[in-house]
Amino acid sequence: MITRLRNALGRVKKSATPAALRFDRPLVLFQSDDWGRVGVRDREGWEELRAAGLNLGEKPYDFYTLETAEDVHALGEVLKKHRDSTGRRPSMVMNFIMANVDFDGCFEPGQKRISLRPLTEGLPGKWRRPQLLEAYRQGIRERLFYPALHGLTHFCERAIARELDTGEERSELVKKLWRAQTPYIHWRMPWIGYEYWDPELRPARRFLPVDDQRAAIKRAAGIFRDLFTTSPFSACAPGYRANADSRTAWFEDGVRVVQNGPGERTGPYLDENGMLSTYRTVEIEPAMERCDVEKLVTQVEECFAGGLPAVISIHSINFHSTIQDFRTPTLKLLDEFLTALEKKWPSLLYVHDADLFSIATEGAYAGENGRVSVGVTSAGASR
C-alpha cells in the first residue's frame, strides 16, 4: 500500500500502487543528501570531542563535517568533463538541510527550545566555510547542481528536546557534542531519529502530527526560496522517513517529485494528482564501502534493461575533505563511472528530478538544444 493525494491540497489516502513508468531511453540522474548540514567541526572540534571522551574514528560518519567551497568546485569540475548524447553535462540533485543548530543560542540562560540558524544567515558559532553558499549557487547557474529540499533539520527536534529535559546520560552526550559545535553523530545516538520520525515512541505515533510536519516543511521551504530564489520542486525526507502527512505538506509547498530510498527496484510512478515518486536504484557511497566501476555499470545495465532510470544515490560525505579526504577517491571513481556509461550507452541522457517529471507528464524535457523526446509507457508495479 502507498499513500495518494486525495485532492489539490494534497490530502492523502492509501490505495493500490499506481502503474510504474518505463522509458525507452537510458536515463541517469544523481540524488545526493545532506548538503548544508554541519557535523564534526573540523579538526579542532574533533580534538575537543576526543578530549571529552569520545573515541572518534570507529565509523565513517565520525569523519562527517561539512563540504567546503573547494569540495563543491572540485565536484563541479568533474561533472563539466562529461556530456551525454545531447551534449548536456550531468546535473546532481543536491538535497539541502536548511538550518543548523545554533549552538551558542542553545546555551543561553532560559532557552527552552532548540535554537536554529538558517543557512541564509550563514553557519553557526565557530563554523567557517568561506564562499560556500556562492559555490552552491555557481554550480546551480552552470546547471551542474539542481537544488532540492531535504528538511529544516535532519534529526527529530522532539526527540532531542525530550532527552535534554531528562538531564540524564543522553542529555549529557548532546550537550558534550554541542559544546564542541557538533549537532550529533547519528550512529552513536540513533534515538534522535529523523526530522519527521521519533523512533522512541510506539510505531503508530512515531511520525510527527501533520500540523507539526507542515510547520517544519513550510519553514524549510521558505528558507529554500530565500536562498535559491525558487521554490523546492523535489524533496527527500531525512532518513527517507516520510508518510502521507509529509507528502501532503510537501505538495502544499509546491513539491512535485518525492525521492525515496534504495532497496526497491521499481519504476517511478505518478499518483492521481500528478506527484511523481522516484526510487534510488544504484548506490555509490565510497566513503562507506568499496565501490567497483564494473559492478556499478552492471547495476545500471539492469535498470536500463527493465526500462528504469538509473537513479544514483551518493551522499555529501563522499565529497568531504577537511577531516578525512573522501573527496579525492570519490571524484576519481565518479569520473571513471561516467566515462564508462558514456562509452557503453551512446544514447545516454543525463537528467535531474524536474526533467524526469517533465518526461513523465509530457514525454519530453528541455535539453541543451531544444526539447528532447523520451518514450514513456506504464506497466504493473513490481511491488
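Some points to look at:
- Residues of region 335-383 that turn out to be within 23 Å of ILE314 (Cβ to Cβ) and among the basic types (Lys, Arg), as a count: 2
- The numbered conditions (1) under 24 Å from PRO238 (Cβ atoms); (2) touching a His at 6+ places or on another chain (Cβ under 7 Å) are all true for GLU342 except (1).
- Condition broken by ARG247, with the remaining ones in (1) outside any helix (DSSP H, G or I); (2) of a type in the set (D, E, K, R); (3) farther than 29 Å from PHE63 by Cα satisfied: (1)
- Where GLN213 falls short, out of the listed (1) part of a strand (DSSP E or B); (2) in contact with a helix residue (DSSP H, G or I) (Cβ under 8 Å, 6 or more places away or on another chain); (3) polar (S, T, N, Q): (1)
- Taken over region 271-296, residues that are buried (at least 19 other Cβ atoms within 10 Å of the Cβ) and either in contact with a Lys or Arg (Cβ under 8 Å, 6 or more places away or on another chain) or closer than 29 Å to GLU362 by Cβ (or both) amount to 9.
- Some residue of region 127-136 being among the charged types (D, E, K, R), under 25 Å from ILE323 (Cβ atoms) and modelled with pLDDT under 95: no
- The residue that is modelled with the highest pLDDT, among those in region 13-33 that are in contact with a Phe, Trp or Tyr (Cβ under 8 Å, 6 or more places away or on another chain) and either farther than 24 Å from VAL300 by Cα or part of a loop (DSSP other than H, G, I, E, B) (or both), is PRO26.
- Of all residues in region 75-118 being of a type in the set (Ser, Thr, Tyr) and within 29 Å of SER231 (Cβ to Cβ), the one that is surrounded by the fewest Cβ atoms within 10 Å (Cβ to Cβ): THR86
- Test for LEU177: is it more than 21 Å from the chain's Cα centre (by Cα), at negative phi and in contact (Cβ under 8 Å) with a residue 60 or more places away in the chain: yes
- Residue count, region 263-295 (criterion: assigned to a helix (DSSP H, G or I) and of a type in the set (Asp, Glu)): 1
- Checking each residue in region 304-324 for being under 21 Å from the mean Cα position of the chain (by Cα) and without any contact (Cβ under 8 Å) to a residue 60 or more places away in the chain picks out only ASN318.
- Contact map, region 240-261: residues that are of a type in the set (Ser, Thr, Tyr) paired with residues that are assigned to a loop (DSSP other than H, G, I, E, B), Cβ distance under 8 Å, separation 6+ or inter-chain. Pairs shown: TYR240/GLY261; SER246/TYR196; SER246/ALA237; THR248/LEU9; THR248/GLY10; THR248/ARG11.
- Of all residues in region 92-133 being over 17 Å from the mean Cα position of the chain (by Cα) and of a type in the set (Phe, Trp, Tyr), the one that is farthest from TYR146 (Cα to Cα): PHE107
- Selection count where residues are under 22 Å from VAL351 (Cα atoms) and outside any strand (DSSP E or B), scope region 296-332: 22
- Checking each residue in region 185-195 for being buried (at least 22 other Cβ atoms within 10 Å of the Cβ) and out of contact with any strand residue (DSSP E or B) (no Cβ under 6 Å at 6 or more places or on another chain) picks out ILE192, GLY193, TYR194.
- In region 22-47, of all residues being of a type in the set (Val, Ile, Thr) and either in contact with a strand residue (DSSP E or B) (Cβ under 7 Å, 6 or more places away or on another chain) or surrounded by fewer than 24 Cβ atoms within 10 Å (Cβ to Cβ) (or both), the one that is nearest to GLY375 (Cα to Cα) corresponds to VAL28.
- For region 320-329, the condition of being more than 30 Å from GLU47 (Cβ to Cβ), modelled with pLDDT of 95 or more, aromatic (Phe, Trp, Tyr) and buried (at least 18 other Cβ atoms within 10 Å of the Cβ) holds for none of the residues.
- Residue match in region 273-280 (condition: more than 30 Å from ALA379 (Cα to Cα) and polar (S, T, N, Q)): no
The values are calculated or read from the model by the stated rules, or taken from the named source; none is laboratory data. Fair warning: this is a prediction, and the values are worked out from it, not measured in the lab. Quick reminder, even Gly has a Cβ in these numbers, built from the backbone with ideal geometry, and neighbours come from all protein chains shown.
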